[in-house]
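These notes are about the structure you will find just below.
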Amino acid sequence: MNNSVGNSGRVLWAGLRALLVLTVVCGVLYPLAVTGLAQLAFPGKANGSEVKDASGRVVGSELIGQTYDLPLKDGEETASPDLRWFQPRPSNGLGTNSVNTQYKIILSGATNRSGDNAELIAWVTDAKAAVVKDNSTADHRVKPSDVPADAVTSSGSGLDPHISPEYARLQVHRVAERNHLTVAQVDRLVADHTDGRLLGFIGEPRVNVLQLNIALRALVTKA
């Protein structure tokens, strides 16, 4: 009996020591080491790839898209886009939160609707009509055939911060008119903020909407 109790005690004490050692190593030392290395080697990415405006204020992350909408009016359930700014691709978020009011989304995910789904077809049709209407100006008419796919569909994650250069250029005339700038000025802005394929062959050319709108704000302030 005494031997049994003694053996059980030794096993429990060994287990407790293992728990304490693993807790310190895996729960304290390892996270501290990883965090420290990340802060030394990749401080920007480690802190969420924060984007700052000209005043140094953090205005978002280069990895997460944002909406640029007008304040909700009485009776409205969906805000209208603020057409002074370049608009991102649509996002069918799976939730809302009260902290990030710029991009009201909690979960990342796609709609998973098939290409022949009636609701998806209606969304795309309505989105295309809105893109044509919003981006047509007095001296520039957008044709439905000019609208790229990313202007009317959300990304797989719903969080994509980028749009295609084609969609950015489609918005140039409207942005120029709304901000009293020349088309050439805004077109140059888009060209300056277009990123090419990674390593020259991975992915597609893209434009980060947040970075582009920060540059647009600076240009409007300067004009």
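Given the criteria of a type in the set (D, E) and surrounded by fewer than 18 Cβ atoms within 10 Å (Cβ to Cβ), does D160 qualify?
Details: of a type in the set (D, E): yes; surrounded by fewer than 18 Cβ atoms within 10 Å (Cβ to Cβ): no.
No; evaluated as a whole, the condition is false for this residue.
Of R89, R10, R17, all but one fail to be part of a loop (DSSP other than H, G, I, E, B) and not hydroxyl-bearing (S, T, Y); the exception is R89. For the range 107-144, residues that are free of Cβ contacts under 8 Å to residues at least 24 places away in the same chain, polar (S, T, N, Q) and either under 24 Å from G196 (Cα atoms) or not in a helix (DSSP H, G or I) (or both) total 3. For the range 189-221, a tally of residues being part of a loop (DSSP other than H, G, I, E, B) and under 12 Å from E62 (Cβ atoms) returns 1. Considering only the range 22-44, I want to know if a residue exists there that is surrounded by 10 or more Cβ atoms within 10 Å (Cβ to Cβ), in contact (Cβ under 8 Å) with a residue 24 or more places away in the chain and outside any helix (DSSP H, G or I). There is no residue in the range 22-44 that is surrounded by 10 or more Cβ atoms within 10 Å (Cβ to Cβ), in contact (Cβ under 8 Å) with a residue 24 or more places away in the chain and outside any helix (DSSP H, G or I).
The numbers here are math on the coordinates, done by the rules we state, and not lab data. These numbers come from a predicted model, not from an experiment. Cβ sites come from the backbone with ideal geometry, for glycine too, and all protein chains shown count toward neighbours.
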